[in-house]
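Remarks on the structure that follows.
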Amino acid sequence: MLLIKLSIDVSLLVGIIAIAFASGFLLRSSQLKKQKKRVNELEKEMMTSHAEILELQRDKLMLEEKLKGSSNIPVISITAKEEKKSDKLQDKSVSNK
């Protein structure tokens, strides 16, 4: 039977495991830092866009209040238009006879 003798020093094995653990820890911590930075950037962007929306809504409300205060615009009701049309139609029918 083929038997391979492998003799590894225990201190070397512990050193390799420690280096592997440290490198894994450092890589993962750098990934987490990048992710947290990206999340913070996105949160900041969302806050800015929400603040912009709120400002636009406030401006819209102010404009609506100004329009309510100065409503000197003449309003013609729909029923008045219909009455005028019916009067015109009757006048034409009377003139044709």
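Rounded to whole Hz and in sequence order, give me ³J(HN,Hα) for the stretch 52-64 from the Karplus expression 6.51 cos²θ - 1.76 cosθ + 1.60, θ = phi - 60°, writing x for Gly and Pro.
Ordered by residue, 3J(HN,Hα) equals 4, 4, 4, 5, 5, 5, 5, 4, 4, 4, 5, 5, 5 Hz.
Rg over Rh of the stretch 1-59, using C-alpha atoms and the Kirkwood radius, what does it come to?
Working: Rg = 25.8 Å, Rh = 16.3 Å.
Over the Cα atoms of the stretch 1-59, Rg/Rh equals 1.58.
How many nm separate the modelled label positions at Leu32 and Ile19, each set 7 Å beyond the Cα in the direction of the Cβ?
Reported label-point gap for Leu32 and Ile19 is 2.5 nm.
Would you work out which of Leu61, Ala22, Ser11 lies farthest towards the positive end of the dipole of the stretch 7-78? Charges go on Cβ: Lys and Arg +1, Asp and Glu -1.
Ser11
Taking 7 Å along the Cα-to-C-beta vector as the label spot, tell me the Val10-Asn40 distance in nanometres, rounded to one decimal.
Each label point is offset 7 Å from its Cα along the Cβ direction, giving 4.5 nm.
Any read-out appearing in this document is the output of simple, stated calculations on the displayed coordinates, not a laboratory observation. Treat the numbers as computed from the prediction; the structure is a model and nothing was measured. Every residue, glycine among them, receives a Cβ derived from its backbone with ideal geometry; neighbour counts consider all protein chains shown.
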